[in-house]
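These notes concern the structure reproduced below.
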Amino acid sequence: MTHGTPADASAEHLAHSSGRSFGIVSADDFKSAFREHPGGVSLITADAGDGPVALTATSVASVSVDPPLLVFSVSALSSSAPTLAAAETVVVHLLEADQLPLAQLGATSGIDRFADTDAWTRLVTGEPVFHGVPRWIRARVLNRFDAGGSTVFVAHAVQVNVPDTHSGRGLVYVNRQWHHLGEHSRIEHP
């Protein structure tokens, strides 16, 4: 009988079926491997009926355009985790460099992220959305599954807010620091 998470079981099955055994990778080594790999920064908001929550995430990724699906993960230690586990929908704010204060707000523990009532509002469908973020996606959660100490969410985009112009100043997080993309970081094809 196999114990542990489905991810553990899959790794164990792969190791046995391939005839190879996997070494133990420490949490520090794993974090170091990803430290130089930049992640786009998003602010995820939701309200399952007990008040709004927000958290900053670098795990958001599109996985399909037809249907329009995205994934993200949330640590079980996050104060927002219980609300996200119960929410039917979320709003994923895709942050640009100008929205760094929102990224910092969602990444700060122990504060009321919705104290400034002038900074956010609710969509007609009830989800909290922050002002000044030109690019956001409202999505219906289709599936959640445990993966280690986190929950992975699969969500279907049901509404997208996209501006007519593009700033080209995406916000990324790499090596424990915020960075912005722009013309200065563009690499030309030969």
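Taken together, the values in this text are just the output of simple stated rules run on the coordinates, not laboratory data. Values in this document were obtained by computation on a predicted structure and should not be read as measured data. Cβ atoms come from the backbone with ideal geometry, glycine included; neighbour counts cover every protein chain shown.
Across segment 39-185, Cα pairs under 8 Å and at least six residues apart give a relative contact order of 28 percent.
Mean residue ellipticity at 222 nm from the helices of the chain, using -39,500 (n - 2.57) per DSSP H segment of n ≥ 4 over the full residue count, to the nearest 500 deg cm²/dmol?
Values: 4 runs with 36 residues, N = 190.
Helices in the chain give a 222 nm mean residue ellipticity of -5500 deg cm²/dmol.
Separation of segment 111-190 from segment 32-102 is 7 Å, based on Cα centroids. This ranking places Glu88, Glu96, Glu36 by how few other beta-carbon atoms lie within 10 Å of each, fewest first, which gives Glu36, Glu88, Glu96.
Computed FRET efficiency, Cβ-Cβ of Asp116 and Ser64, R0 45 Å: what is it to the nearest 0.05?
On the way: r = 35 Å, r/R0 = 0.78.
So, using R0 = 45 Å, E works out to roughly 0.80.
What do you get for the angle between helix 6-18 and the principal long axis of the chain? Use alpha-carbon atoms, 0 to 90 degrees, nearest ten. Roughly 40 degrees, rounded to the nearest 10. Once the Cβ-Cβ distance of Val158 and Ser26 is raised to the sixth power relative to R0 = 35 Å, the FRET efficiency obtained is 0.30.
Per-residue extension of 0.36 nm, minus the Cα-Cα distance of Leu100 and Ala86, leaves a gain of 2.3 nm for this segment.
Given Cα positions, please report Rg to Rh for segment 91-157, the hydrodynamic radius being the Kirkwood one. Dividing the radius of gyration by the Kirkwood radius yields 0.99.
If you stretched the chain out fully between Arg169 and Asp146, how much longer would it get, using 0.36 nm times the residue separation minus the C-alpha to C-alpha distance?
Numbers: separation 23, 0.36 × 23 = 8.28 nm, distance 3.32 nm.
Going from the current span to full extension adds 5.0 nm.
From least to most packed, judged by other beta carbons within 10 angstrom and beginning with the fewest, Leu102, Leu70 follow the order Leu70, Leu102. Think of each Lys and Arg Cβ as +1 and each Asp and Glu Cβ as -1; about the Cα centre, that makes the dipole of segment 39-185 roughly 240 debye.
With a 10 Å Cβ neighbour count serving as the proxy for reagent exposure, in which order, fewest first, do Phe34, Phe130, Phe114 appear? Don't skip to the answer; put the middle values down first.
Numbers: Phe34 12, Phe130 23, Phe114 17.
So the ranking, lowest neighbour count to highest, is Phe34, Phe114, Phe130.
Obtain the radius of gyration and the Kirkwood radius of segment 39-185 from its C-alpha atoms and give Rg over Rh.
Numbers: Rg = 14.5 Å, Rh = 15.5 Å.
A ratio of 0.93.
Here the Karplus curve 6.51 cos²θ - 1.76 cosθ + 1.60, taken at θ = phi - 60°, turns the phi angles of segment 92-98 into couplings of 9, 8, 8, 7, 9, 4, 5 Hz, with x standing for Gly and Pro.
Ranking Leu69, Pro82, Leu102 by how far each Cα lies toward the positive end of the dipole of the chain (charges on Cβ) leaves Leu69 at the top.
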